[in-house]
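Engineer: Supplied in structure tokens, the structure appears directly below.
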Amino acid sequence: MANYSKKIMITGGAGFIGSHVVRLFVNKYPSYLIVNLDALTYAGNLENLKDVEGKANYVFEKGDILDEQRITELFEKYDFDGVIHLAAESHVDRSIKDPLAFVRTNVLGTVNMLNVSKQYWSKKGMEGKRFYHVSTDEVYGSLGETGFFTETTPYDPRSPYSASKASSDHFVFAYHHTYGLPVVMSNCSNNYGSNHFPEKLIPLMINNIVNNKPLPVYGKGDNVRDWLFVEDHATAIDTIYHNGENGGKYNVGGFNEWKNIDIVHLLCGIMDRKLNRPAGESAKLITFVKDRPGHDHRYAIDASKLNTELGWKPSLQFEEGLEKTVDWYLSNEEWIKHVTSGDYQHYYEEQYKK
Ligand code: NAD
Ligand code: DAU
């Protein structure tokens, strides 16, 4: 193996955010070896990474974060000095239907990753090592009309998804305090951008508008989320990975709050223009449906610590980012066709098992 200055395992690198993080690290740091470890669940799509597939400093390894033997073998094979852990079950609606899947992957899987890292690095020395856990603002609960989540807001998770992420966050700091594992964590708000699986609000709405299908808005559509362009999340992860304090925690967000219904109207307007439809046409597809059980009312994140301590800030305004996102979906019809038909799940066998 070539002499790399750092060897980093990125878990969940075939997913939405993970693929953007892999791409950024592979291209920005040619002296690093980037190993993408992913189980390729329904959310993992190697077509997201076609452009980095042939790069000398990129490797894909199929594997499950719950598989202690496989993760240990990979540590021995590559001698990692860093882990950026994104692999997770990520969709709140799925967590309501199948909470145990979220406990297995998000809680047990994370503890397994922590444990293998601790075992391997205890033998090698913890100096220069880093376990980066990527978490969510949903661990803080739900806000009323005012206020923001800061890094010291007490945890108050309210869905099986956020409870599983909160639990994993606690284990990360428990491994830091008990075993001296060098960790860093970030809690980010809602991401949007290319390669987003069309079960989440923005890609679902774009896809349904294209196909003239109903746009299901939960409840009255007055729930509020803070939105961040996914490539900005990737640059935040880069900044925190390299400069974050050992044992530190950083909120990441866009200072960009929107009611769901306003986003859907904004998207309808953009899509009418792009698809040459009369103004107001796509909005006729809006359909108010039964609310998500326990639907958190408002998330708003205060990301000022990351800005003042590490100098990170988002690069894009929401309207600009949304326009770019719509353009990406409209010019990547094959991607969306493969994702909705399930064809993307054969890419690994076709490309890697030849
Ligand atoms: P995603 O669902 O798009 O991707 C998850 C990836 O993890 C997939 O590639 C999947 O194959 C992989 N994976 C799932 N279970 C695995 C297992 N057992 N072993 C190995 N790989 C497995 O998720 P995302 O939206 O990209 O989120 C990535 C991370 O960021 C998650 O930890 C999520 O909690 C966190 N996060 C997401 C958002 C958001 O808006 N999407 C915001 C803040 C934080
Ligand atoms: O806040 C960060 C979190 O954002 C991440 O940790 C999660 O992984 C990610 O999935 C996201 O969670 P949300 O539940 O906020 O995202 P989702 O896209 O599922 O929903 C956004 C809002 O839109 C939410 O208020 C529910 C609503 N919604 C969603 C869907 C899928 C609808 O009104 N209709 C829909 O069809």
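Read-outs throughout are calculated quantities, based only on the coordinates presented, and are distinct from any laboratory measurement. Not measured: the values here are computed from a predicted model. As a convention, Cβ positions derive from the backbone with ideal geometry for all residues, glycine included, and neighbour counts pool all protein chains shown.
Engineer: Let me check against my output: what whole-number percent is the relative contact order of the chain, with C-alpha pairs under 8 Å and at least 6 apart?
Structural biologist: With pairs under 8 Å counted, the relative contact order is 17 percent.
Engineer: Of all alpha-carbon pairs in the chain, indicate the percentage at a distance above 34 angstrom.
Structural biologist: Distances greater than 34 Å cover 23 percent of the Cα pairs.
Engineer: Scale the Cα Rg of the stretch 35-158 by the rule-of-thumb value 2.2 N^0.38 Å and send over the ratio, two decimals.
Structural biologist: So the stretch 35-158 has a normalised radius of gyration of 1.23.
Engineer: Farthest toward the dipole's positive end in the chain, which of Y140, N48, Q69, given Cβ charges of +1 (Lys, Arg) and -1 (Asp, Glu) about the Cα centre?
Structural biologist: Checking the options against the dipole of the chain, the answer is Q69.
Engineer: If you place +1 on the Cβ of every Lys and Arg, -1 on the Cβ of every Asp and Glu, and leave all else neutral, what size is the dipole of the chain about its Cα centre, to the nearest 20 Debye?
Structural biologist: Using only the charged Cβ atoms, the result is roughly 320 debye.
Engineer: Which FRET efficiency value, to the nearest 0.05, is calculated for A56 and L330 with the Förster distance at 22 angstrom and r the Cβ-Cβ distance?
Structural biologist: The computed FRET efficiency comes out at 0.10.
Engineer: Considering only DSSP states other than H, G, I, E and B, which chymotrypsin sites (Phe, Trp or Tyr not before Pro) in the stretch 1-106 qualify as loop sites with at most 15 other Cβ atoms within 10 Å?
Structural biologist: Y42
Engineer: Students often forget the sequence filter, so: which aspartates and glutamates lie under 18 Å Cα-Cα from K7 once same-chain residues fewer than 8 apart are removed?
Structural biologist: Cα-Cα hits under 18 Å: D38, E53, E61, E73, E76, D79, D81, E127, D238.
Engineer: Ok, one more. Per residue, what volume in Å³ does the convex hull of the Cα atoms of the stretch 1-93 enclose?
Structural biologist: 89
Engineer: Placing +1 at every Lys and Arg Cβ and -1 at every Asp and Glu Cβ, with all other atoms neutral, what dipole size does the stretch 1-156 have around its Cα centre, in debye to the nearest 20?
Structural biologist: Charge dipole, the stretch 1-156, about its Cα centre: 640 debye, nearest 20.
Engineer: Counting other Cβ atoms within 10 Å, which trypsin sites (Lys or Arg not before Pro) in the stretch 254-315 have at most 14 and lie in a DSSP loop?
Structural biologist: Hits after loop and neighbour filter: K290.
Engineer: Within 10 Å of each candidate Cβ there may be at most 11 other Cβ atoms; applying that plus a DSSP loop requirement, which trypsin sites (Lys or Arg not before Pro) in the stretch 171-247 survive?
Structural biologist: Those that pass, being in a loop and sparsely packed, are K220.
Engineer: Strictly over 27 Å apart at the Cα level, which of K62/K274; K118/K249; K124/K305; K50/K290; K259/K290; K97/K290 would you flag in this model?
Structural biologist: Result: K62/K274; K124/K305; K50/K290 exceed 27 Å.
Engineer: Now, a different point. Check which residues have an amide H placed less than 5 Å from R298's amide H, if you skip close sequence neighbours.
Structural biologist: L143, V224
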